[in-house]
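Asker: My questions all concern the structure below.
The values are calculated or read from the model by the stated rules, or taken from the named source; none is laboratory data. Everything numeric in this text was worked out from a predicted model, so none of it was measured. Cβ placement follows ideal geometry from the backbone for every residue including glycine, while neighbour counts extend to all protein chains displayed.
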Amino acid sequence: MKILVALKQVPDTENKIKIDGSGHQIDQADLKWITSPNDEYALEEAIRLKEAKGAEVTAVTIGSEKAKDVLRNALALGVDGAVLLKGTPTDDPLAIASSLAAFASGKGFDLLLFGHKCYGNDNGCVGQMAAEFLGLPHAHTVTKLEIADAGFRAEKEGDAGLEVIDGSRKRGTPASKS
């Protein structure tokens with residue numbers, strides 16, 4: 001099984017935020033940057049699946065050279081490979097999903113994992129858009145995930161109670177979860 005986990009670098013929530021001289025942006029000079037806490041859940045799930053099923057895990061992020069810190073952390077936690085898609089970080093979910101789907105296309109990933117939303121811009125649609133670009137089944141805000149050869153079974157808690165999603169797939173077709 002090959003797993004791709006998408007990560008984003010965000011300012012640490014414990015930073016003291018200062019506004020720059022323009023009065024319109026955050027002064028980033030002394031900010032500490034970390035992996036988005038929601039993406040860390042996806043990373044932890046990928047590593048659990050690696051240990052349980054012998055999966056190969058690749059972490060990917062989009063950004064500048066400083067985003068390599070997120071990838072180094074993922075490698076230290078046990079992923080097998082890390083890829084930096086160089087580019088200017090953007091808050092445009094369509095552009096992010098398009099870039100991630102283009103990278104994943106044709107690489108044989110069986111499962112794509114995303115955090116359920118991103119700290120900073122609170123965006124939670126990148127995983128669904130990437131799955132749509134790739135023509136994959138998708139489950140969002142999952143609280144329990146079971147992987148089988150025929151697909152996945154995911155559970156999520158919603159306003160109406162527990163919802164179960166069965167993601168059937170043909171052999172060799174990846175699944176996506178955020």
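Asker: Do you know which residues across region 98-112 are touching a Leu at 6+ places or on another chain (Cβ under 7 Å) and either of a type in the set (Val, Ile, Thr) or surrounded by 15 or more Cβ atoms within 10 Å (Cβ to Cβ) (or both)? Full working, then the answer.
Answerer: Here is the first cut: in region 98-112, the residues touching a Leu at 6+ places or on another chain (Cβ under 7 Å) are 99, 101, 103-105, 109, 112.
Passing the criteria: Ser99, Ala101, Phe103, Ala104, Phe109, Leu112.
Asker: So, in region 1-22, of the ones that are over 20 Å from Asp91 (Cβ atoms) and either aromatic (Phe, Trp, Tyr) or out of contact with any strand residue (DSSP E or B) (no Cβ under 6 Å at 6 or more places or on another chain) (or both), which residue ends up surrounded by the most Cβ atoms within 10 Å (Cβ to Cβ)?
Answerer: Of region 1-22, the ones over 20 Å from Asp91 (Cβ atoms) are 1-5, 14, 16, 18, 21.
Keeping just the survivors that are either aromatic (Phe, Trp, Tyr) or out of contact with any strand residue (DSSP E or B) (no Cβ under 6 Å at 6 or more places or on another chain) (or both) gives 1, 14, 16, 18, 21.
Details: Met1: 16, Glu14: 7, Lys16: 6, Lys18: 11, Gly21: 7.
This residue is Met1.
Asker: One residue is enough: does region 49-60 have a residue meeting the conditions hydroxyl-bearing (Ser, Thr, Tyr), under 15 Å from Gly115 (Cβ atoms) and in contact (Cβ under 8 Å) with a residue 40 or more places away in the chain?
Answerer: At the first step, the residues of region 49-60 found to be hydroxyl-bearing (Ser, Thr, Tyr) are 58.
Subsequent filtering for residues that are under 15 Å from Gly115 (Cβ atoms) retains none.
Within region 49-60, none of the residues are hydroxyl-bearing (Ser, Thr, Tyr), under 15 Å from Gly115 (Cβ atoms) and in contact (Cβ under 8 Å) with a residue 40 or more places away in the chain.
Asker: Which one is farthest from Ala46 (Cα to Cα) among residues in region 149-165 that are surrounded by 10 or more Cβ atoms within 10 Å (Cβ to Cβ) and of a type in the set (A, V, I, L, M, F, W, C)? Lay out the reasoning, then the answer.
Answerer: In the first step, residues of region 149-165 are kept if they are surrounded by 10 or more Cβ atoms within 10 Å (Cβ to Cβ); the result is 150-157, 162-165.
Next, from what is left, pick out any that are of a type in the set (A, V, I, L, M, F, W, C): 150, 152, 154, 162, 164-165.
Values: Ala150: 18, Phe152: 14, Ala154: 15, Leu162: 23, Val164: 20, Ile165: 19 Å.
Top of the filtered list is Leu162.
Asker: Does region 127-141 contain at least one residue that is among the hydrophobic types (A, V, I, L, M, F, W, C) and either under 29 Å from Asn15 (Cα atoms) or without any contact (Cβ under 8 Å) to a residue 24 or more places away in the chain (or both)? Steps first, answer last, please.
Answerer: Pass one, region 127-141, residues among the hydrophobic types (A, V, I, L, M, F, W, C): 129-131, 133-134, 136, 139.
Those left that are additionally either under 29 Å from Asn15 (Cα atoms) or without any contact (Cβ under 8 Å) to a residue 24 or more places away in the chain (or both): none.
No, region 127-141 contains no residue that is among the hydrophobic types (A, V, I, L, M, F, W, C) and either under 29 Å from Asn15 (Cα atoms) or without any contact (Cβ under 8 Å) to a residue 24 or more places away in the chain (or both).
Asker: Which members of region 52-86 meet the condition of being of a type outside the set (A, V, I, L, M), buried (at least 16 other Cβ atoms within 10 Å of the Cβ) and more than 16 Å from the chain's Cα centre (by Cα)?
Answerer: none
Asker: Further question: Which of the residues that make up region 101-123 are modelled with pLDDT under 95 and either hydrophobic (A, V, I, L, M, F, W, C) or within 13 Å of the chain's Cα centre (by Cα) (or both)?
Answerer: If the condition is that a residue be modelled with pLDDT under 95 and either hydrophobic (A, V, I, L, M, F, W, C) or within 13 Å of the chain's Cα centre (by Cα) (or both), then Phe109, Leu111, Leu112, Leu113, Phe114, Gly115, His116, Lys117, Cys118, Tyr119, Asn123 are the ones that fit.
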